[in-house]
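Any read-out appearing in this document is the output of simple, stated calculations on the displayed coordinates, not a laboratory observation. Keep in mind that this is a model prediction, so the values were computed, not measured. Cβ placement follows ideal geometry from the backbone for every residue including glycine, while neighbour counts extend to all protein chains displayed.
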Amino acid sequence: MTDVAIRGGTVVTPDGNARADLAIAGGRITSIGAVGPADREIDARGKLLLPGCVDLHTHLASTPTWQPLDDFEHGTRAAVAGGVTTVVSMVYQENGSLRAGIERGLRDATRAVADFAFHVVVTDPTPAARAEIPGLVREGHAGLKVFMVSPGFAARTAEYLTVYRAAAEAGALVAVHAEDHALIAKRTAELHAAGRVGVEWFPQSRPPEAEEIAVRAAVIHARETGIAIYLVHLSSRGALAALREGRAASHRVHGETRPLYLYLTRERFGRPDAALWVGQPPLREAEDVAAVWTALTDGTLETVGTDHIPRPRAEKLAPGVTFDRIPPGVSNLETLLPMLYSEGVAKGRLTLSRLVEVLAAAPARIAGMYPRKGALAVGSDADVVVFDPGARRVVRATELHSACDYDPYEGWDVTGWPEIVLSRGDVVFDRGTVVGRPGRGRLVPRAPYPA
């Protein structure tokens, strides 16, 4: 017996779209096309049926010294309300142990509404940490994260490359925050020496050159060690040129951008409340935004990840804080899909097929979750977004599900919004209301990256 039948919608895949009914039983898609009777019927006439989005870049887990504003419960409520049904959160190495970070993440995720997985941030690349990698990959934790921008990476690059080699052998993907520490430290010191410490100087402290230098170095590291890398939140023309060259030479180099770099420019730093948009890297020029759109369209960039890490308005705007001490990060999970549809598909920049490729299929493939996740196909998890392409919304933080008290796109007019969202066949969002139960989310084991 079919549990749920979704009738009359347009099924969208990376290969095209077609009107079809969709049947769900036991949490999986069982049929696409002609569907018989079901316990629950969903009328999707005039709507798009999209695969649930997969966000490979969130910060929902705690550390021993930090508790996120949007934890797994709040963050995944926002996620499912926006059509994101799988999140990958960073967890941090603790007391030298990668496994301890995973264990903390699993404890935190017991309140998740959406399904989840992890990247483990390597902060101490010791032989003991390297020795943990094969076992973690066998258990489905096939992702690491490295901050090239940290002084630790600069001081211990050779040790990090031994981690890369161990990860390559085991089949782990390494996500990389690519900014050059030395250049940023130099620019920051120069600005401080000149008394230029206000938020308006933040973009000059982290110039595009710092990103390009690091992306080029990361590609060399990947070539030398055999590791597959996932370059996160790319924002500038030079970094994209370096990514394009790296991808032309190797299929093991992947690139992500972030919503901030598709919609906003450096002009925000002329405002008195500019700290609300502080992220790393900073907002760039209009020419960089155009380059990001081009790279997303032509396949240079494969995914859009949110880097979701909201902060309260008061914390972002605290008086007397120098530009390099303003906490980075904004909320993005709930608006990821609707804004990319509105600014991309509705304005003719992206096709519907490209939308589902960059938000669902590609991230699931890169992370070793496809086709269980990221696909509308028989046998896949029934993660389905019934999307209303004609819905009109104005972004207002008070109407969203993040715990944050502001939204970076406050007042933005958006065309297209999820109407119903299903996760493994369960309705978790229904016409404005999150109905998914905290704790229903499950760990998604990640397959090793192919040799």
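Among all the lysines, which ones have a C-alpha under 29 Å from Lys47's C-alpha, if same-chain residues fewer than 8 places away are not counted?
Of all the lysines, those that pass the test against Lys47 - Cα under 29 Å, at least 8 places apart if same chain - are Lys347, Lys373.
Taking only the alpha-carbon atoms of the chain, what semi-axes of the equivalent ellipsoid follow from 5 times the gyration tensor eigenvalues under a square root, in whole Å, largest first?
Details: eigenvalues 229, 129, 83 Å².
Result for the chain: semi-axes of 34, 25, 20 Å.
Which lysines, if any, have their Cα less than 17 Å from the Cα of Lys145, not counting same-chain residues under 8 positions apart?
Partners found: none.
Dipole of segment 51-366, Cα-centred, from +1 at each Lys and Arg C-beta and -1 at each Asp and Glu C-beta, to the nearest 20 debye?
Numbers: 33 positive and 36 negative charges, 26 e Å.
With only Lys, Arg, Asp and Glu charged at Cβ, the dipole is about 120 debye.
Any idea which of Ala362, Thr76, Ser380 is furthest toward the positive side of the dipole for the chain, if Lys and Arg beta-carbons carry +1 and Asp and Glu beta-carbons -1?
So the residue we want is Ser380.
Counting helices only, and only those DSSP H runs with n ≥ 4, report the 222 nm mean residue ellipticity of the chain as the sum of -39,500 (n - 2.57) divided by its residues, in deg cm²/dmol to the nearest 500.
Working: 15 runs with 136 residues, N = 451.
Computed ellipticity for the chain at 222 nm equals -8500 deg cm²/dmol.
Could you point to the residue in Cys404, Thr297, Tyr160 farthest towards the positive end of the chain's charge dipole, with +1 and -1 charges on the Cβ of Lys/Arg and Asp/Glu respectively?
Going by the Cα projections, it comes out as Tyr160.
Can you find, among Leu262, Val427, Ala18, the residue farthest towards the positive end of the dipole of the chain? Put +1 on the C-beta of Lys and Arg, -1 on that of Asp and Glu.
Ala18
Return the long-range amide H neighbours of Ile420 (sequence gap of 5 or more, or a different chain), with a cut-off of under 5 Å between placed amide H atoms.
Hits under the 5 Å cutoff: Val386, Arg431.
Given Cβ point charges of +1 (Lys, Arg) and -1 (Asp, Glu) and nothing else, what value in debye, to the nearest 20, does the dipole of segment 265-422 about its Cα centre take? It would help to have the intermediate numbers written out before the result.
Working: 17 positive and 22 negative charges, 19 e Å.
So the magnitude is around 80 debye.
If one puts a single equal scatterer on every Cα of segment 311-404 and applies the Debye formula without solvent, what log₁₀ I(q)/I(0) results at q = 0.18 Å⁻¹?
Evaluating at q = 0.18 Å⁻¹ gives log10 I(q)/I(0) of -0.98.
Enter the mean projected area of the convex hull around the alpha-carbon atoms of segment 285-359, in nm², rounded to one decimal. Before the final figure, lay out each step's value.
Values: hull surface 24.7 nm².
If you wrap the Cα atoms of segment 285-359 in a convex hull and average its projections, you get 6.2 nm².
Hey, can you rank 244-255, 209-220, 189-200, 432-443 by average C-beta count inside 10 Å, highest first?
Values: 244-255: 17.8, 209-220: 22.0, 189-200: 14.0, 432-443: 16.0.
For the peptides 244-255, 209-220, 189-200, 432-443, the packing ranking is 209-220, 244-255, 432-443, 189-200.
How long is segment 1-124 along each principal axis, judged by its Cα atoms, biggest number first, in Å?
Principal extents (largest minus smallest coordinate, Cα): 55, 29, 23 Å.
If you filter segment 348-419 for trypsin sites (Lys or Arg not before Pro), then keep DSSP loop positions with at most 14 other Cβ within 10 Å, what is left?
For trypsin sites (Lys or Arg not before Pro) across segment 348-419 that sit outside H, G, I, E and B with at most 14 neighbouring Cβ atoms in 10 Å, the list reads Arg396.
For segment 52-179, take the alpha-carbon Rg, divide it by the Kirkwood Rh, and send me Rg/Rh. Walk me through the intermediate numbers first.
Values: Rg = 14.5 Å, Rh = 14.8 Å.
Answer for segment 52-179: 0.97.
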